[in-house]
Amino acid sequence: MTKAEVLRRVAGAAADGPLSGARTVLPSASATTTLRPATRVGRGTPGGFWAERSRINRDVSLLVAYDELERAGNLAYFRAVIAGGDRVVETAAALNDQYVYNIFDSDVYKWLEAVGYEAAYVLDPDLAARSDDVIGLIERAQRPDGYLHTAIQNGVGREPLHEWRLGHELYCGGHLLQAGIAWHRSVGDDRLLGVARRFTDWLLTELDNFDPKILPLHPGLEMALVELFRVTDDRRYLELAATFLNRRGHGNIGYYNFSPEYFLDERPVRQSEAIRGHAVMALFLLCGVVDVAVETGDASLLAVAERQWTDMVQHKTYLTGGVGSRHHGESFGDAYELSPDRAYCETCAAVGSVMLSWRLLLATGEAKYADLIERVLYNAVLPGVSLDGRRFFYVNPLQVREADQVVGIEGCHIRTPWFECACCPPNAMRILSTVEEFLATGSSEGVQIHQLISGSACFAAAGSERTVRVDSALPFGEQVTVTVTDAGDEAEWTLALRVPSWSLTSRVQLIMDGSATTDLTPGQDGYVHITRVWAAGDAVRLAVDNTVVMVEADPRIDACVGHLAIARGPLVYCVEEVDLHATRLENIRVDARGPWTAEPAAALDGIVSLVGKGSSVTPDPGDGLPYRAARGSSPVVQPLRITAVPYFAWNNRGPTAMKVWLPIERAV
Ligand SMILES: [Zn+2]
């Protein structure tokens, strides 16, 4: 496709989805995955929950991000490389060896990756023109030999790869590859893919000149190389990904303010049991582990990712699905170290968690991975972006004590338009540009519906196509309908529909000629399986149980003992002080017996709040230390109406204190 054709398409009135179906993860035909991504996907009808999040991501966030990339100087560094001469020195002075500038290029590539995904549908003409300009900048900034990294190219006296650890050329390179692959798969625009391939080929010729052995300090290039192999069929890229995995764990990275464990370099990848270290690094590394494992048929390598995922979910995941307990090092903590107020839960880590679970779902077909994707999308990715798409969270705590509280290196009490280290916003954007890909998978047995979100998915089968459409009222409603819109050939095949584990009771019925048949029961694997010769128009209807559930934490999570959280459907709820009128959030106790009433949330369009009861407990004033004898304490207790809103929607009505885990009302 020519550049002009691509621009006509992205700025045109309509497009029928990606050229190659899956844009993010597309295993080769010989990969040892249990399931396959769709061969074509589509979004739900406009106005639906996820269609609206995608629209705001496309129409607002991606444009905001371009302006911020311009303002912060990311694009200026590409222009400085192109200009050369005096501007190089000027820019180098500004760089001043600061860590943050070494990852500047990656934010541009992640933004372009998200725009590339959107180009599969339709793009605002402004966004199409801006992305076209940026691709042109990248093409011109690349050295003739293929090298590309503006921080180094704008520097003085620094050579490519000599500062390979914190220079982050390899990390940025990974995102360059993903951006190139996104445009290739979405619309067949191969300009960025060409840049990416020239960079990778340059890398292949240079790597062996270095000792100790070079590897990506921040993982990400590994999975990108596997995807480049999948696009080009050039096995050198797959082998390089495997080489990077094998080089890790031998202490080559050394100490850079943090230990080798933090960099996942203290023991070989295959010998790693627990998930540890920097959360985003760990999750991105495991994505590469799964990708290499399924392309090489290496079951023992796949098991490394499975057991670390299990350790993460059983011991180190917040109720929201967020991960990363420590601000110091943005890292996983110990088992059950899940304090709500000190939660780091970087938005990027939520993105990494979805990416890993999706790969493991394709590899194994197990529902637990789809369960976690759902939890993380609603409660850990979405909170990273304001409802209007203009502001972002880097850190996502489950409790904020004061409206003006500032915790950690990136304030987490209120979303901001951008960050000095702006990894999170464009990471959220690329997930929000591809949510529909998580809807369904296919196999020789049929089609599997994993996420109860509106959209469509198509699968090639024996010279024909099987297509399903999902219409979902979630997360606030209960009804989900899966309609077969193209049954394909006349053979039997199985439609599998995941019944979410949070739904205590569910009703699943097969609909033929508009009439419901008998109820269907999910199997042990969490899916209802229906095997028959399908006809277009046949449907399966699922009614989930959206009853409010009060959730308790494992008692080993010390900080949550004596507390409960509110969940409804896939959503975790929280209480914001802005909804309390006669007391402080720190004083409230919740009546765990309910009842809870669903009501439209005040000043949050389209959001459903939950109204229950509890009390306000004003403690004795005390006389110094914030402690007193338990016996004889006489706080003032008053009944209280409690309003909870979905956690993803918190902090959209100005600064306010917030809590997910609430103390239980008790006699005092
Ligand atoms: Zn981040």
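Rg then Dmax, both in Å and based on the Cα atoms of the stretch 438-564: 17.0, 59.
Loop-located chymotrypsin sites (Phe, Trp or Tyr not before Pro) across the stretch 123-183 with a Cβ neighbour count of 15 or fewer within 10 Å are lacking, with loop assigned by DSSP.
Exposed loop sites are taken as trypsin sites (Lys or Arg not before Pro) in a DSSP loop (any state but H, G, I, E or B) with at most 13 other beta carbon atoms within 10 Å; the longest stretch of the chain without one runs 1-555.
With Cα atoms as the point set, the radius of gyration and Dmax of the stretch 141-182 evaluate to 10.6, 34 Å.
A cut-off under 13 angstrom between Cβ atoms defines the neighbours of V480, and their net charge, with Lys, Arg +1 and Asp, Glu -1, is 0. Scaling against 2.2 N^0.38 Å puts the C-alpha radius of gyration of the stretch 252-327 at 1.12.
Set the Cα radius of gyration of the stretch 519-668 against 2.2 N^0.38 Å, with N its number of residues, and you get 1.39. Taken about its Cα centre, the stretch 193-303 carries a charge dipole of about 80 debye when Lys and Arg each add +1 at the Cβ and Asp and Glu each add -1 at the Cβ. Remark: the chain carries a charge dipole of roughly 700 debye about the Cα centre, counting +1 on each Lys and Arg Cβ and -1 on each Asp and Glu Cβ. Could you work out the percent of alpha carbon pairs in the stretch 195-346 separated by over 18 Å, rounded to a whole number? Here the tail beyond 18 Å accounts for 58 percent of pairs.
How large is log10 I(q)/I(0) at q = 0.05, 0.11 Å⁻¹ when the Debye formula is applied to the Cα atoms of the chain, each weighted equally and without solvent? Calculated log10 I(q)/I(0) at the listed q: -0.23, -1.13.
In this calculation the C-beta distance from Q479 to D145 is compared with R0 = 60 Å, giving a FRET efficiency of 0.55. When only alpha carbons of the stretch 287-443 are considered, Rg and Dmax amount to 15.9, 52 Å. Ranked for footprinting exposure by Cβ neighbours inside 10 Å, fewest first, E437, E266, E70 give E70, E266, E437. What is the gain in length, in nm to one decimal, between R236 and R628 on full extension, counting 0.36 nm per residue of separation less the C-alpha to C-alpha distance? Taking R236 through R628 to full extension adds about 134.4 nm, to one decimal.
Summing charges over neighbours of G174, with a neighbour being any other residue whose Cβ is under 14 Å away from its Cβ, gives -4 when K and R count +1 and D and E count -1.
Positive end of the dipole of the chain (Cβ unit charges, origin at the Cα centre): among V25, I103, M429, the Cα lying farthest that way belongs to M429. May I ask for the percentage of alpha-carbon pairs in the stretch 329-389 that lie more than 20 Å from each other? For the stretch 329-389, the share of Cα pairs beyond 20 Å comes to 36 percent.
Output the relative contact order of the chain, whole-number percent, from Cα pairs under 8 angstrom with separation of 6+ residues. Averaging sequence separation for qualifying contacts and normalising by length gives 13 percent for the chain.
Summing Lys and Arg as +1 and Asp and Glu as -1 over all other residues whose Cβ lies under 10 Å from the Cβ of L215 gives a net charge of +2.
In the chain, taking the dipole from charged Cβ atoms about the Cα centre, the farthest positive-side position among S357, L137, G562 is held by G562.
Computed from the coordinates by the stated procedures, all read-outs in this text should not be read as laboratory data. Bear in mind that the values here come from a model prediction, so they are computed numbers and not experimental data. A quick note on method: Cβ atoms are made from the backbone with ideal geometry, for glycine too, and the neighbour counts reach across all protein chains shown.
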